[in-house]
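Everything below concerns the one structure shown next.
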Amino acid sequence: MKKIMLDAGHGPATPGKRTPDGTMLEFAFNASVSAYAEKLLKAEGITVMTAHEPGRDVPLAERVRKANSWGADAYVSIHANAFGSGWNAANGIETYLYPRAQRQSELLAKHMQAALVCATGRKNRGVKRADFAVVRDTRMPAVLLECGFMTNRQEAGLLKHDRYRRQCANAIAFAVVNWYYGKGL
């Protein structure tokens, strides 16, 4: 059985995780994309569990424990990026993995980055490495996606729209399926 843990990034009450004008919480984008991706993955016969909850900010350690105890094949954390607290020109898509990540995390990250850039047409900021808890402490291949900048007016507009959210979800599902296929599962 193929099992994917989806994580809608920060919780609904995480301070500061919003557009500079306050018109969109990051969690609204993250949760929407996660829900669309979940439906697409289930249609492909993949079992999905979510690390987040709509009514509370789930601590990172709890998210990681949930994924590890469930035995997920991969962990995908969905985010909208920010640079500073005001509007600026930072833009594009980034995918993160742990600095000492296993090879399957690297492959998953490459699939995710390519699919998101292709689906959205946004700037390719590349696959990067960072010491984020959800990619460091999970025992399965794990990636953290940044699907555009909330602090860029144009991308903030995209992040608010259902069409863009569906594009991101389609890219995530496509990348997961191709990653599984590449592993020969």
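The values are calculated or read from the model by the stated rules, or taken from the named source; none is laboratory data. Keep in mind it's a predicted model, so treat the numbers as computed, not measured. Reconstructed Cβ throughout: ideal geometry from the backbone, glycine too, with neighbour counts over all protein chains shown. Heads up: the accessible areas ignore ligands, DNA and RNA and are worked out on the full protein's heavy atoms, side chains in. Shrake-Rupley method; radii C 1.70, N 1.55, O 1.52, S 1.80 Å.
Out of the total accessible area of region 17-77 (probe 1.4 Å, heavy atoms of protein only), what percent is carbon and sulfur? C and S atoms contribute 54 percent here. Judged by the ratio a/c of the largest to the smallest principal axis of the C-alpha gyration tensor, region 1-53 counts as prolate, that ratio being 1.5 or greater while a/b is larger than b/c.
Accessible surface calculations at 1.4 Å, restricted to protein heavy atoms, place the chain at 45 Å² per residue. Put simply, the convex hull of the Cα atoms in region 52-185 casts, on average, a shadow of 8.4 nm². The modelled label-to-label distance for the pair residue 178/residue 35, using points 7 Å beyond Cα in the direction of Cβ, is 2.7 nm. Helix 162-183 and the longest principal axis of the Cα set of the chain meet at an angle near 20°. For residue 138, the accessible area of its heavy atoms, probed at 1.4 Å with every protein chain present, is near 20 square angstrom.
Subtracting the Cα-Cα distance of residue 103 and residue 162 from their residue separation scaled by 0.36 nm leaves 17.9 nm. Kirkwood radius and radius of gyration were both taken over the C-alpha atoms of region 43-94, and their ratio Rg/Rh is 1.08. DSSP assigns beta bridges within the chain; of those with both partners inside it, close to 20 percent run antiparallel.
As a length-normalised measure over Cα pairs under 8 Å and 6 or more apart, the relative contact order of the chain settles at 28 percent. The Rg/Rh ratio of region 30-71, with Rg taken over Cα atoms and Rh as the Kirkwood radius over Cα pairs, comes to 1.00. A dipole drawn for the chain from +1 and -1 charges on Cβ atoms has a positive end, and of 76, 132, 112 the residue lying farthest that way is 112. Over the chain, DSSP H runs of length four or greater, each weighted -39,500 (n - 2.57), average out per residue to a 222 nm ellipticity of -14000 deg cm²/dmol.
Helix 60-70 axis versus longest C-alpha principal axis of the chain: approximately 30°, rounded to the nearest ten. Go ahead and set up a Gaussian network model of the chain, Cα springs under 10 Å, then flag whichever of 170, 68, 81 fluctuates most. Most flexible of the set in this elastic network: 68. The shape of region 124-182 comes out oblate: with a ≥ b ≥ c from the C-alpha gyration tensor, a/c is at least 1.5 while a/b does not beat b/c.
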